[in-house]
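> Attaching a single structure in structure tokens format; questions to follow.
The values are calculated or read from the model by the stated rules, or taken from the named source; none is laboratory data. Because the structure is a prediction, the values reported are computed rather than measured. Please note: Cβ atoms are built from the backbone with ideal geometry, for glycine as well, and neighbour counts cover all protein chains shown.
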Amino acid sequence: MRAIDTYQLRTCLGCFGTGVTVVTVDAEDGRRGLTVNAFTSVSLEPPLVLISINKRARSHDTLAGRPFAVNVLSSDQERLARHFAGDHQDIELPWEEGQVAPRLGGAIALMECRPWGSYEGGDHTLYLGEVVALSYRHGDALGYFRSRFVRLSEPALVASPHTHDPFELPYDAYE
Ligand SMILES: Cc1cc2nc3c(=O)[nH]c(=O)nc-3n(C[C@H](O)[C@H](O)[C@H](O)COP(=O)(O)OP(=O)(O)OC[C@H]3O[C@@H](n4cnc5c(N)ncnc54)[C@H](O)[C@@H]3O)c2cc1C
């Protein structure tokens, strides 16, 4: 079989459209963030999520054994995504204090996690976090598809007496 070409693998993986998150963590020298789209749900009981982090990322070692927050970006936060991917933007960063990790204001969803486990994944490490606090709200999400940022528009809810809108009120497990 032919060896897999890295460029073609990246291009192929780019066909899988995703949301965009910024993972935030308290490092020894202050808050740190990095843009991550290799984020997925793992388990409901216990509540686990996963992020896959390049071993060459500065935040890679910082994340080992530390609580982190997954900030799911809204469609108007593209510049935040670019900034935390290393493309410096002259913007004010909406840092907020979380329960176990720093977080970013304006995200459409947020999960704060305690470290649960980490697994070897080639040139990446898979960090699993146990969700200990969460919030979400209405809004369009930022997406990433074929190396481009896109808007993921919120679907309209078809109103009926039986329709339950879980986003009717912003949910905040902090309250
Ligand atoms: C759409 C997208 C998805 C990605 N998905 C992944 C992924 O799933 N996994 C992965 O490993 N990489 C992913 N990356 C690449 C990753 O975001 C970059 O490689 C990132 O720069 C690596 O960050 P780092 O830990 O090396 O941190 P740095 O390069 O140190 O930080 C990233 C940027 O954030 C800024 N920054 C960090 N903390 C602060 C702060 N406190 N105040 C101000 N600025 C700060 C830095 O100045 C730097 O410009 C993705 C990139 C994009 C664009």
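> Look at G106 and say whether it is surrounded by 13 or more Cβ atoms within 10 Å (Cβ to Cβ), away from the ligand (no atom under 15 Å from the Cβ) and either of a type in the set (F, W, Y) or within 26 Å of F16 (Cα to Cα) (or both). Walk me through it before giving the result.
Values: surrounded by 13 or more Cβ atoms within 10 Å (Cβ to Cβ): yes; away from the ligand (no atom under 15 Å from the Cβ): yes; either of a type in the set (F, W, Y) or within 26 Å of F16 (Cα to Cα) (or both): yes.
Answer is yes for this residue.
> Now for a separate question. Does any residue of region 128-145 turn out to be out of contact with any Leu (no Cβ under 8 Å at 6 or more places or on another chain), of a type in the set (V, I, T), modelled with pLDDT of 95 or more and closer than 15 Å to D26 by Cα?
Taking every residue of region 128-145 in turn, none turns out to be out of contact with any Leu (no Cβ under 8 Å at 6 or more places or on another chain), of a type in the set (V, I, T), modelled with pLDDT of 95 or more and closer than 15 Å to D26 by Cα.
> Can you run down the residue pairs with Cβ atoms below 9 Å, 6 or more apart or on separate chains, where the first is in region 76-98 and over 18 Å from H60 (Cα atoms) and the partner is near the ligand (Cβ under 10 Å from one of its atoms) and basic (K, R)?
H88/R82; Q89/R82; L93/R31; W95/R31
> Among the residues of region 28-56, what is the count of those that are within 8 Å of the ligand (Cβ to nearest atom) and small (G, A, S)?
First pass over region 28-56, keeping only residues within 8 Å of the ligand (Cβ to nearest atom): 30-39, 51-54, 56.
Pick out the ones that are also small (G, A, S) and you get 30, 33, 38, 52.
Residues meeting the conditions: 4.
> Hey, another quick one. Just to verify a result, which residue in region 10-24, among those that are over 21 Å from G122 (Cα atoms) and either crowded, with 20+ Cβ neighbours inside 10 Å or more than 9 Å from the ligand (Cβ to nearest atom) (or both), is farthest from the chain's Cα centre (by Cα)?
To start, the set of residues in region 10-24 that are over 21 Å from G122 (Cα atoms) comprises 15, 17-22, 24.
Those still in the list that are either crowded, with 20+ Cβ neighbours inside 10 Å or more than 9 Å from the ligand (Cβ to nearest atom) (or both) too: 15, 17, 19-22, 24.
Numbers: C15: 19, G17: 14, G19: 8, V20: 6, T21: 3, V22: 5, T24: 9 Å.
Filtering first and then ranking leaves C15.
> While we're looking at this one, here's another question. If you check E78, E92, E120, which single one turns out to be within 16 Å of the ligand (Cβ to nearest atom) and assigned to a helix (DSSP H, G or I)?
Answer to the check: E78.
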